[in-house]
Amino acid sequence: MVLKEIDSKKFRDMVRVATHRIGKNAKFVNSLNVFPVPDGDTGTNMNLTIESGAKAVAENPSSKVGDLTESLSKGMLMGARGNSGVISSQLFRGFYKATQCMNTLTAQELANGFTNGVATAYKAVMKPVEGTILTVARVAAQDGANKANESDDVEEVMKAVVEGAKKALKSTPDLLPVLKQVGVVDSGGQGLLFIYEGFLEGLLGENFADQYQPDETEMDEMINAMHHQSVQSQLATQDIKNGYCTEIMVDLTADIPNKKPFNLDEFRKHLSGLGDSLLAVSDDEVAKVHVHTEHPGEVFQYGSQFGQLEKIKIDNMRIQHETIVNNNEEKQKSVDFAVIAVASGNGIRKLFESEGVNRIISGGQTMNPSTQDIADAIKKSGAKKAIVLPNNGNIVLAAKQAAEVSDIPVGIVPSKTISQGLTSMLSFNPDDSVEDNVKSMTEDLDTVVSGQVTQANRDTTIDKVEVHKNDYLGIVDGNIRVDDPDMIKATTKMIEKMLNEDSEIITIMFGRDASKKDADKVVADLKKKHDDLEFEIHDGGQPVYHFLISVE
């Protein structure tokens, strides 16, 4: 039977199932990282981005598909995190622009939506790279358009989009050499395929209809009490060990493939190993979970074995806590010209504040703030103009989107590391314009060489460097240059590769997994050969990276 149009109910199903599908597979998408360091967050970013859009769709009562695509677009725009999330939001921004006047979607209109989404996403990226999510989106849209020229069946068009995405995803290692080198497909492209597969499943309507919704009042009250009790026990943002307040509801009555029998005690026992502040309750038809965890995707994946996931919710408690602190501190008073930086680690916060940064957004590697988080920080600064320092290449696009939706002039200095961000502040002049500050601060980015030391989470070979799992990696300006099983040796070797005849000052920021004693050992080793260099040591307190190094 030919399905000639998508109505609002079908579209809601498509969005809902797509959100569930990427949520259940976020951990797998995270694992497809071209660098063997523990910074894989593509799946998490894409999941949180579309979840924000799905929430907006669920809150829109309209029966017009065009109104729902607008809600999806706006929700994803403000919830966008990381490059993959921002590009996904642009794909659906273009989709909305092509469908905004539609009551329903025909096969041709569906294909046009995907095609326009690709055009919008490519325009949003300064230097599009093939072999990424963009390639998957482009080929999928083209195959969908070709099918729409042959058939007026929306299901056939959506199937063609999915098959095109699969085909393109397989080709990504051939287009991007680093993917072939490591032996993975593009993570953003894989995430997009999960979303498109969810669209198809929701459109087909097989076993995905909404199930019985019980009265949740009592459960919600218990969960809210558990959450607030835990939050009040936190003394400082850096003390929060499990930063994502994660809630799921599992419809235990849903008929799903390979469904496992539900036992509340075993359910609680397993979830207790994924985080803290756990509350899991059940009334035999639905189970509801509240847990603070660093890995929301694992909670989703486990819960989905017992039924259909409903009402997925994630809140970044570090950002929530920072907002409360920022609102309560007198130093967060309104200023004429604000500088806003993204950083993680109490010591690094203090360094930025000492250089004149007015507001800090908690985040960085593995914890990318969303467009909404950055836009909120700009608004709450009360400033008439602002500069944003992303300090991470995966946050630059979200920062640019936040600037576009802000009511004041906002400039983005595209700092990709903490070291670059700190150096750029030396050129900030509150009496200059936004444009002049962006120009002078951006010029300073090339005057510093940035190094990062972390541990590998897989064996591979990158840039002719043989990497071994659990070894320490020295990463210079984004490129792996050193692998060594000894942290001090890895750091010393990396810094040696960062030096040139003009090098004068080396700044070492040690993180949570290192100490000042470790930093002193690094300095002692380097002084044996370089007694003319100056060294500064700071307790950065940052996660992920044992050392952050800058050479100027």
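We did not get these values from a lab; they are worked out from the coordinates using the rules stated. Treat the numbers as computed from the prediction; the structure is a model and nothing was measured. A quick note on method: Cβ atoms are made from the backbone with ideal geometry, for glycine too, and the neighbour counts reach across all protein chains shown.
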Q. Of 340, 314, how do they rank once you tally other Cβ atoms within 10 Å and put the fewest first?
A. 314, 340
Q: Have a look at the DSSP beta bridges in the chain and tell me what percent are antiparallel, nearest 5.
A: 75
(Q) Per DSSP helix of 4 or more residues, -39500 (n - 2.57); summed, then divided by the residues of the chain. What does that give at 222 nm, rounded to the nearest 500? (A) -15500 deg cm²/dmol
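Which of the helices in the chain meet the span-like rule: DSSP H, Cα axial reach of 27 Å or more, Kyte-Doolittle mean at least -0.5?
Correct list, ordered by number: 154-175.
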**Q.** For the range 176-186, Karplus couplings with θ = phi - 60° (6.51, -1.76, 1.60), whole Hz, Gly/Pro x
**A.** 10, x, 5, 5, 5, 4, 8, x, 9, 8, 5
Q) Sorted by average packing, counted as other Cβ atoms within 10 angstrom per residue and highest first, what order do 4-13, 260-269, 486-495 take? A) 486-495, 4-13, 260-269
Q) Ranked by Cβ crowding within 10 angstrom, fewest neighbours first, how are 406, 52, 550 ordered? A) 406, 550, 52
Q | Relative contact order %, the chain, counting alpha carbon pairs below 8 Å whose residues are six or more apart | A | 12
Q: Mind listing the long-range amide H neighbours of residue 106? Cut-off is under 5 Å, sequence gap 5 or more, other chains count too, H placed in the peptide plane at 1.01 Å from N.
A: 6
Q. Using unit Cβ charges (K, R positive; D, E negative) and no other charged atoms, how large, in debye to the nearest 20, is the dipole of the chain about its Cα centre?
A. 520
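By the gyration tensor of its Cα atoms, with a ≥ b ≥ c the square roots of the eigenvalues, what is the shape of the range 146-208: rounded for a/c under 1.5, prolate for a/b over b/c, or oblate?
Details: a/c = 4.68, a/b = 1.86, b/c = 2.52.
Cα axes put the range 146-208 in the oblate bin.
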